[in-house]
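Accompanying notes for the structure given below.
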Amino acid sequence: MSEKDGRTGYDRIIEGGVQVLVVATPLAFGTVHDWSSSVMEIIVFIVFGAWSVKSGLRFGAGMSWPLLALLTAGLTLPLLQIVPLPAGIVRLVSPSLVDLYTQVGAPGQEGWMPLSMNTRATIEEWFRITAYVLIFIVVASHYTTTGQVKKLCRTIVAVGAFLTVFAALQFATWNGKLYWVFPVREELAAAGHRFWGPYINRNHFAGYLAMVVPIAYALFLHRIAVKQQASSRQSQGFTQQLLILTSSVSLTVMGLSSIAMIAAIFGSFSRGGIVAFTAGTACFSLMVLSRRSTRSVAGAFAPIAAILLVSIMALLWPRVEHRFEAITDVERIKRFDIWKDAGGILYDFPILGTGLGTFRFAYPRYQTENTALQFDHAENDYLELATELGSAGVLLALGTAAAYLGAVYPAWRQRKNRFVLLLTAGGIASCCALAVHGAVDFNFRIPANALLFSIIAGITIATARNVRSAKRRDHAV
């Protein structure tokens, strides 16, 4: 029975749902509005439900038990923050919160209070985080064949390429409105802030593409390998000629998509996006060059990539250089001011934080710079996590990252299948790109970007641990 014949209705719901999420979430303004975020969560819960029924909640080889335990603990911590506790216990772990409740005459008067400064915000953010974790578990457990992985990764690259083309069209015909219909703030509608596609913030547009590019690299290099192997065969029958032609077309499409997305990242003039892209590319290059079976393929690609990158840099560098020079512009709002003031939150709420999703409520009490402006995020995902979940949340996040890498990297080192090696390297590089960007922005608080990160992380661990080498060789399509 072929893979297609063996597909069930549950498989179609699972894989179709993941495809819908990949396509729709960035188009819905990055899914930053409550309605779109709710729709995203509903689709994720439907997909997870279908997977649960199909699998009986049996986790695939892609999920390690330490990783699953840490993810569960991470989801449990915010729930503890919304449970009313005796004032004595709260004072023990968060004395500043008791003082705050006393000042405003909030729940503390009755002797019971939650650890979260705003339980509604914590619940809303918890549902989003839960959706990311559930989709990660589904993808990591369900995807077990090269066909499934390729289809999902091609969709991811196709969406990135479409966003790039759309951004270029919108830039060329800019009328001050996203999708030519939805108006944006006057200061954002200025000429220098138009290259961002359907996103409201160009940094998040660049962050999304920085995750997609390494996946495109992996598929591109795999097609090079397919073409090389097909061309090297002595027998050049119709099947082999068709394979070479297909590989050539795929190479062209994937190559042009990669070039366009890289140009869009630089064209967005997002400093964090450019640094994230550079980090992702460096990570991918180091991993590919460290394995003999992929080193030869990368060697054939390297000169072309260098020429293209230099060409893009030469074309856009004057504007890019100006953006980086602006870091020292004293007239600009500096992230350092936000980070310095956020340190006060860390000092007062060191153990369990102010509550998941509550930075925008806590920060005004500590804000000393740019007081006329309201900041919903810390412009640093890690600092924001620390303020909201405290040292406990930071330790859980570090443990989860370590458990993930501990499950993926050793498995990757043991694999020999070229597709597995390339795709796993691309996935790790994608995660690396957004992780770097998170140090100077809040991409992880943008649902479309966080969801794509979760899906890529899931498909990466699934590829490294689930996808087995088929009887046919690597060049099989």
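Would you point out the residue of the range 349-369, among those that are more than 22 Å from TRP126 (Cα to Cα) and part of a helix (DSSP H, G or I), that is farthest from the chain's Cα centre (by Cα)? Spell out the reasoning first.
Here is the first cut: in the range 349-369, the residues more than 22 Å from TRP126 (Cα to Cα) are 364-369.
Next, from what is left, pick out any that are part of a helix (DSSP H, G or I): 364-365.
Working: PRO364: 28, ARG365: 31 Å.
Looking at the filtered set, the residue picked out is ARG365.
Which of the residues spanning the range 56-78 are exposed (fewer than 14 other Cβ atoms within 10 Å of the Cβ) and closer than 18 Å to GLY353 by Cβ? Even if it seems obvious, please write down each step before you answer.
To start, the set of residues in the range 56-78 that are exposed (fewer than 14 other Cβ atoms within 10 Å of the Cβ) comprises 56-58, 65, 69, 72, 76.
The answer is THR76, and nothing else.
So which pairs qualify, if the first residue must be in the range 191-210 and outside any helix (DSSP H, G or I), the second must be modelled with pLDDT under 85 and surrounded by fewer than 20 Cβ atoms within 10 Å (Cβ to Cβ), the Cβ gap must be under 7 Å, and the two must be at least 6 apart or on different chains?
ILE200/VAL184
Which residue out of ALA131, ALA121, ALA87, ALA140 is surrounded by fewer than 22 Cβ atoms within 10 Å (Cβ to Cβ), hydrophobic (A, V, I, L, M, F, W, C) and modelled with pLDDT of 90 or more? Show your work before the answer.
Numbers: ALA131 fails: surrounded by fewer than 22 Cβ atoms within 10 Å (Cβ to Cβ); ALA87 fails: modelled with pLDDT of 90 or more; ALA140 fails: surrounded by fewer than 22 Cβ atoms within 10 Å (Cβ to Cβ).
Step by step, each of ALA131, ALA121, ALA87, ALA140 is checked, and only ALA121 is surrounded by fewer than 22 Cβ atoms within 10 Å (Cβ to Cβ), hydrophobic (A, V, I, L, M, F, W, C) and modelled with pLDDT of 90 or more.
Identify the residue in the range 370-383 that is in contact (Cβ under 8 Å) with a residue 40 or more places away in the chain and among the acidic types (Asp, Glu) and, among all such residues, is farthest from GLU125 (Cα to Cα). Working first, answer last.
First, the residues of the range 370-383 that are in contact (Cβ under 8 Å) with a residue 40 or more places away in the chain: 373, 377-383.
Still in the running and among the acidic types (Asp, Glu): 379, 381.
Numbers: GLU379: 17, ASP381: 14 Å.
Among residues in the range 370-383 that are in contact (Cβ under 8 Å) with a residue 40 or more places away in the chain and among the acidic types (Asp, Glu), the one farthest from GLU125 (Cα to Cα) is GLU379.
Among the numbered conditions (1) under 26 Å from the mean Cα position of the chain (by Cα); (2) on the phi < 0 side of the Ramachandran plot; (3) at pLDDT 90 or above, tell me where PHE171 comes up short.
Evaluating PHE171 over (1) under 26 Å from the mean Cα position of the chain (by Cα); (2) on the phi < 0 side of the Ramachandran plot; (3) at pLDDT 90 or above leaves (3) as the failure.
What is the one condition in (1) within 19 Å of the chain's Cα centre (by Cα); (2) over 28 Å from GLY344 (Cα atoms) that GLY60 does not satisfy?
(1)
Collect the residues in the range 21-36 that are free of Cβ contacts under 8 Å to residues at least 60 places away in the same chain and under 18 Å from MET211 (Cα atoms), keeping them in residue-number order.
Residue satisfying the conditions is ALA24 alone.
Got a sec? Which of ALA140, ALA210, ALA206 is small (Gly, Ala, Ser), more than 22 Å from VAL32 (Cα to Cα) and in contact with a helix residue (DSSP H, G or I) (Cβ under 7 Å, 6 or more places away or on another chain)? Explain how you work it out, then say what you get.
Working: ALA210 fails: more than 22 Å from VAL32 (Cα to Cα); ALA206 fails: more than 22 Å from VAL32 (Cα to Cα).
Answer to the selection: ALA140.
Yes/no per residue for (1) buried (at least 24 other Cβ atoms within 10 Å of the Cβ); (2) at pLDDT below 95; (3) more than 11 Å from the chain's Cα centre (by Cα); (4) acidic (Asp, Glu):
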site	(1), (2), (3), (4)
GLY427	yes, no, no, no
CYS432	no, no, no, no
HIS437	yes, no, no, no
ILE461	yes, no, yes, no
VAL467	yes, yes, yes, no
LYS471	no, yes, yes, no
VAL477	no, yes, yes, no
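Which condition number in (1) out of contact with any Ser or Thr (no Cβ under 6 Å at 6 or more places or on another chain); (2) farther than 30 Å from TYR101 by Cα; (3) small (Gly, Ala, Ser); (4) surrounded by 19 or more Cβ atoms within 10 Å (Cβ to Cβ) is the one that GLY393 fails?
(2) is the only condition that GLY393 fails.
The values are calculated or read from the model by the stated rules, or taken from the named source; none is laboratory data. The structure presented is a predicted model; accordingly, all values stated were derived computationally and were not measured. For neighbour counting, all protein chains shown are included, and Cβ atoms are generated from backbone atoms with ideal geometry for every residue, glycine included.
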